[in-house]
Amino acid sequence: MRTAVVTEPYKVEIKEMDKPVIGPKDVLIKVKTAGICGSDLHLFKGTHAFRKPPAVLGHEVAGEVVEIGAEVTGLAIGDRVTVEPQIGCGECEFCRRGLVNLCTNKTVPGTPKWCGTFAEYFAAREDITYKLAEGVSYEVGTLAEPLAVAVHVLRRLDLANKESIAILGSGTIGLLCLMVAKHYGFKHIIATDTVPFNLEMAKKLGAELVINPVKEDAVKLVREFTDGRGVDATIIAAGAPTIIDQASAMTCRRGEMVLVAMITQKFPVDSYSWVFNEQRISGAMTYESRDFQEAMEMINGGMDLSEFVTQRLPMEETQKGLEILDQKTENIVKIIVHP
Ligand SMILES: NC(=O)c1ccc[n+]([C@@H]2O[C@H](COP(=O)([O-])OP(=O)(O)OC[C@H]3O[C@@H](n4cnc5c(N)ncnc54)[C@H](O)[C@@H]3O)[C@@H](O)[C@H]2O)c1
Ligand SMILES: [Zn+2]
Ligand SMILES: [Zn+2]
């Protein structure tokens with residue numbers, strides 16, 4: 001089968017590989033769509049924490065079941081599916097608590113144990129493979145994975161009050177958080193971004209106020225919008241040196257912040273503001289299986305994410321896709337690759 005492999009930093013080659021051989025509990029999926037995600041960009045640039053070249057790209061996927069293992073009972077050949085791309089060790093403290101996202105020994109695609117999704121075929125265990133409802137396209141099915149990230153972000157909030165929320169960064173994750181915030185009943189949603197296209201998308205998807213923090217005073221505008229009080233919650237879905245302070249300054253007393261952006265540089269933060277205002281800040285790392293299930297319910301229930309797909313490329317143009325994402329030479333929310 002053909003696969004897209006990062007052979008060295010900044011170089012993707014299409015390579016022939018053996019089709020995966022499935023075990024009794026697995027299904028073999030003919031990949032129809034695979035999404036390019038920020039972590040693929042890290043692999044491409046050689047900066048990913050544990051995915052190192054040479055490695056097959058991808059963990060976001062949708063496709064058709066073409067083979068089933070002997071013990072598979074809930075799926076059949078021809079089913080249209082997507083996959084939760086993580087398998088915990090099943091034994092550690094976190095796996096026992098259902099926190100597979102925090103398992104220190106989990107298996108993920110694009111590593112020697114599990115081939116990535118930028119391939120003609122992808123193998124997955126039945127219990128992490130989800131059926132797409134009729135009418136849900138493969139492209140939208142591919143978005144289940146980043147949507148699960150957003151569900152997890154919102155579920156990290158412990159709020160009784162779901163009045164107002166600010167989302168800093170309106171890329172794939174920020175905009176999906178917006179969709180989930182709407183779904184959870186937040187009444188007033190504010191979104192920021194530095195790119196006009198992303199602000200337009202946020203507006204179209206339901207943000208009441210959109211702000212470009214480079215051109216406007218985001219904290220002042222949010223404070224004005226909330227009659228000086230600040231929002232109940234702020235999600236940090238972009239990395240910038242002062243973004244955590246900005247979040248704290250626009251969040252109300254006893255409000256909450258969730259940090260989903262992977263900010264790898266160290267920046268000073270004004271922690272006094274968290275104390276003085278009794279704010280809580282949480283990290284959010286991928287998703288628990290129940291978050292993925294909830295994301296599937298949203299997608300299969302008709303949540304329309306078709307506008308999120310801004311570029312479609314054949315697998316041969318994966319390198320181009322990664323370059324577009326890296327240099328932001330086009331307006332992007334999600335780039336989908338069709339093997
Ligand atoms: N914790 C997790 O499990 C997890 C999962 C996926 C992604 N992430 C991280 O979440 C972040 C967002 O991911 P994404 O895929 O949406 O990335 P993205 O590049 O699509 O989106 C980031 C957006 O932030 C905007 N931006 C840049 N500077 C800004 C600023 N100062 N204020 C407001 N907006 C600004 C960009 O224009 C862009 O639209 C990344 O850091 C990514 O690594 C974390
Ligand atoms: Zn992803
Ligand atoms: Zn574990």
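The values are calculated or read from the model by the stated rules, or taken from the named source; none is laboratory data. Predicted model, so just to flag it, every value in this text is computed and none were measured. Note: ideal-geometry Cβ built from the backbone for every residue, glycine included; neighbour counts use all protein chains shown. SASA here: full protein model, heavy atoms, side chains in, ligands and nucleic acids out. Shrake-Rupley method; radii C 1.70, N 1.55, O 1.52, S 1.80 Å.
Here are some notes:
- Paramagnetic reach from PHE267 (point 7 Å along Cα→Cβ, amide N under 17 Å) across the stretch 233-259: 234-251, 257-259
- Its DSSP H runs of at least 4 residues, each contributing -39,500 (n - 2.57), put the calculated 222 nm mean residue ellipticity of the chain at -8000 deg cm²/dmol, to the nearest 500.
- Between the residues SER39, THR82, PRO268, the greatest Cα displacement towards the positive end of the dipole of the chain, with unit charges on the Cβ of Lys, Arg, Asp and Glu, is found for PRO268.
- Between the stretch 30-80 and the stretch 114-152, the alpha-carbon center distance in angstrom: 8
- DSSP-defined beta bridges in the chain - what % are antiparallel, rounded to 5: 55
- With a Förster radius of 56 Å applied to the C-beta separation of LYS220 and ASP127, the computed FRET efficiency comes to 0.70.
- Counting protein heavy atoms only, the stretch 150-205 has 51 percent of its accessible area on carbon and sulfur, 1.4 angstrom probe.
- Here's the picture: a label point sits 7 Å out from the Cα of ARG254 along the beta-carbon direction, and within the stretch 264-278 the residues with their amide nitrogen under 17 Å of it are 274-278.
- Between ALA160 and LYS19, residue separation times 0.36 nm minus the direct Cα-Cα distance comes to 45.8 nm.
- Distance (nanometres) between label positions extended 7 Å along Cα→Cβ at HIS42 and GLU200: 3.1
- Surface listing: TRP274, TRP114 arranged by accessible area from highest to lowest gives TRP274, TRP114, probe 1.4 Å.
- Across the stretch 290-298, coupling constants 3J(HN,Hα) worked out from phi with the 6.51/-1.76/1.60 Karplus curve, θ = phi - 60°, read 5, 5, 5, 4, 5, 4, 5, 4, 5 Hz, and Gly and Pro carry x.
- In sequence order, the stretch 188-200 has phi-based couplings of 10, 10, 10, 10, 10, 5, 9, 10, x, 4, 5, 5, 4 Hz under the Karplus curve 6.51 cos²θ - 1.76 cosθ + 1.60, θ = phi - 60°, and Gly or Pro positions carry x.
- Relative contact order, percent, the stretch 157-283 [alpha-carbon distance under 8 Å, six or more residues apart]: 23
- Here the relative contact order of the chain, from alpha carbon pairs under 8 Å that lie six or more residues apart, stands at 19 percent.
- SER289 - accessible surface, heavy atoms, 1.4 Å probe, Å² rounded to 10: 40
- Over the stretch 157-283, accessible surface divided per residue gives 48 Å², non-protein components excluded, 1.4 Å probe.
- Förster-model FRET efficiency, 45 Å R0, ASN212 and VAL66, C-beta, rounded to 0.05: 0.45
- For the stretch 157-283, a simple Cβ point-charge model (Lys and Arg +1, Asp and Glu -1, everything else neutral) yields a dipole of about 160 debye relative to the Cα centre.
- Residues whose amide H comes within less than 5 Å of that of LYS32, counting only those at least five positions distant or on another chain, are ALA62, GLY63, GLU64 (H built at 1.01 Å from N in the peptide plane).
- Across THR251, THR104, the residue with the most accessible area heads the list, and the full order at a 1.4 Å probe is THR104, THR251.
- A cut-off under 15 angstrom between Cβ atoms defines the neighbours of GLU316, and their net charge, with Lys, Arg +1 and Asp, Glu -1, is 0.
- Most to least accessible of ASP79, ASP291, ASP217, ASP18 (protein chains only, probe 1.4 Å): ASP18, ASP217, ASP79, ASP291
- Cross-link pairs beyond the 29 Å C-alpha cut-off, checked among LYS203/LYS328; LYS203/LYS266; LYS45/LYS131: LYS203/LYS266; LYS45/LYS131
- In this rough spin-label picture, where each label sits 7 Å from Cα along the Cβ direction, the ASN277-MET1 distance is 4.8 nm.
- Selection of trypsin sites (Lys or Arg not before Pro), the stretch 25-127, meeting DSSP coil and at most 16 other Cβ within 10 Å: LYS25, ARG97, LYS113
- Evaluating 6.51 cos²θ - 1.76 cosθ + 1.60 at θ = phi - 60° for every residue in the stretch 138-151, the Karplus couplings come out as 4, 4, 5, x, 5, 7, 4, 5, x, 5, 5, 4, 5, 4 Hz, glycine and proline recorded as x.
- Label point distance in nm, ARG312-GLU330, each placed 7 Å from Cα along Cα→Cβ: 1.2
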